[in-house]
Amino acid sequence: MIPNNGGAFRDWTVLAGAMLVLAVGSGTFFFSYSVFLPAMSQDLDWGRAVVAAGLSTGLLAFGLPGPIVGASIARFGPRANIIFGNLLAAVALAAMSQIKEPWHLCLLFGLVGLGSGFGLFITCTAVINDWFTERRAIAMGLGTGASGLAGFAFPPFLTWMIDGIGWEMAWLTLGGIHLVGATLIGGLMLVRDKRRVEAHQAATESNVTAMASAPQNPAPRTSVYETNVDWTTREALRTRTIWLIAILGAVNFFSIGTITSHQVAYLQDIGYSALTAAFVFSVVAGASVVSRLAFGFMAARFEVRHLTAVFSGVQVVGFAILLTCKSLPLIYLYAVLFGVGYGVFLTALPTFLGSYYGRTHYAEILGFVFPVVIVAEAIGPPLAGAVFDATGGYQPILALLVAISLVGLICAIFARPPKLKRAKP
């Protein structure tokens with residue numbers, strides 16, 4: 001953290017801004033679509049695979065430009081990317097109210113995804129990674145927990161809004177919420193770039209010497225692994241560990257994409273009301289909030305790969321329940337287990353990269369990993385929709401989720417801290 005008067009206050013104010021951006025952006029981008037999907041499919045008379053293709057387009061636009069996003073963060077700073085990306089996303093969300101053709105859906109939600117790619121996960125976790133070192137896992141838990149809280153709140157709210165004013169006006173309202181919350185308050189008012197603040201302090205404050213001598217990467221106070229060097233992007237991409245993390249991410253994001261787009265529809269198909277289905281979705285999100293916050297404290301005592309492996313196993317059990325059971329109590333048990341598992345992973349991914357590869361090139365490294373995981377997430381919704389359209393059910397997809405979650409568990413076990421072999425000058 002920056003040694004300055006009020007520095008601690010600034011750290012947590014910036015974190016609050018990142019949390020607000022993640023909460024609003026996640027609610028409008030990630031957690032909205034599965035609620036809109038059945039209503040839009042029925043009203044527009046489009047198959048679920050067609051409507052789900054809009055989400056896939058958005059996810060691809062969100063993740064594929066990851067290297068460009070990382071380079072943009074390095075060039076312009078996280079704050080400029082947050083403001084630009086979320087402004088674009090807000091306008092495109094409002095324009096979703098005017099959809100008439102399938103290509104409109106893909107174009108507009110693709111723009112939502114592109115804006116969110118510049119303004120959400122990579123950028124906000126880069127902000128947190130810059131401002132926090134010793135408390136990184138806790139700060140990451142709070143940041144990703146905010147997005148999970150949005151997942152708890154948005155589905156019932158959107159269900160109520162769609163029932164009351166229709167899906168068109170609901171999209172328009174989401175655009176306004178995104179503009180005010182993520183762009184104006186979160187990005188413009190609260191978030192600041194640490195390196196720009198440090199540069200300003202170095203030029204204007206009298207404690208320049210103390211700042212220059214302050215360690216940039218203080219030693220952690222626990223025995224949990226924390227690199228003491230900053231890896232370059234090229235060095236990181238040459239390690240086996242980074243690709244094990246990428247595969248782990250691909251498995252989890254495939255599961256998240258599939259569930260977030262089709263869970264509400266699946267539960268309605270097996271006899272539950274739209275409100276009950278939306279509430280189950282909220283339980284998933286609520287459980288993920290708890291696990292994200294808890295992960296931040298657990299990661300101060302236990303290695304991130306061990307925690308991720310354990311909770312990957314928890315997620316496997318959750319998917320097995322969803323595959324084999326239809327009673328509401330067991331559905332809620334699935335929701336808790338899946339929510340806990342995926343909440344841990346969303347916090348673990350940035351924690352893995354920050355702890356293993358350092359702060360300086362974090363955004364660029366995550367920018368190269370992100371396309372891998374997002375492509376996997378984008379495949380899930382249309383694949384599940386196509387399976388449903390062909391078979392009339394989701395059972396094959398649920399069985400696949402069980403199988404690939406086991407693959408993720410194995411990757412987590414073997415994602416050991418990498419060793420840097422840097423040639424001596």
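May I ask you to say which residue of ALA348, ALA399 is farther than 18 Å from ALA412 by Cα and aliphatic (A, V, I, L, M)? Exactly one residue qualifies, and that residue is ALA399. Within region 67-88, does at least one residue satisfy the condition of being at negative phi and not in a helix (DSSP H, G or I)? The answer is no, given that none of the residues of region 67-88 is at negative phi and not in a helix (DSSP H, G or I).
Listed here are the residues, each with its yes/no results for (1) of a type in the set (A, V, I, L, M, F, W, C); (2) touching a residue at least 60 places away in the same chain (Cβ under 8 Å); (3) surrounded by 23 or more Cβ atoms within 10 Å (Cβ to Cβ); (4) in contact with a helix residue (DSSP H, G or I) (Cβ under 7 Å, 6 or more places away or on another chain).
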residue: LEU22; (1), (2), (3), (4): yes, yes, yes, yes
residue: GLY25; (1), (2), (3), (4): no, yes, yes, yes
residue: THR28; (1), (2), (3), (4): no, yes, yes, yes
residue: TYR33; (1), (2), (3), (4): no, yes, yes, yes
residue: GLY47; (1), (2), (3), (4): no, yes, no, yes
residue: LEU64; (1), (2), (3), (4): yes, yes, no, yes
residue: LEU88; (1), (2), (3), (4): yes, no, no, yes
residue: SER97; (1), (2), (3), (4): no, yes, no, yes
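Per this entry, ASP43 is counted among residues that are assigned to a helix (DSSP H, G or I), surrounded by fewer than 17 Cβ atoms within 10 Å (Cβ to Cβ) and either touching a residue at least 60 places away in the same chain (Cβ under 8 Å) or among the acidic types (Asp, Glu) (or both).
The single residue among VAL407, VAL375 that is farther than 26 Å from ALA274 by Cβ, touching a helix residue (DSSP H, G or I) at 6+ places or on another chain (Cβ under 6 Å) and part of a helix (DSSP H, G or I) turns out to be VAL407. I need the full set of residues from region 367-417 which are open to solvent by less than 10 Å² (accessible area, probe 1.4 Å) and among the acidic types (Asp, Glu), in order please. Result: GLU377, single match. The residue list ALA277, ALA285, ALA320 contains one member that is crowded, with 22+ Cβ neighbours inside 10 Å, more than 20 Å from the chain's Cα centre (by Cα) and either at positive phi or not basic (Lys, Arg) (or both), which is ALA277.
The values are calculated or read from the model by the stated rules, or taken from the named source; none is laboratory data. Given the structure is predicted, the values throughout are model-derived calculations rather than measurements. Cβ atoms come from the backbone with ideal geometry, glycine included; neighbour counts cover every protein chain shown. Just so you know, the surface numbers come from the protein's heavy atoms only, side chains and all, with ligands and any DNA or RNA stripped out. Shrake-Rupley method; radii C 1.70, N 1.55, O 1.52, S 1.80 Å.
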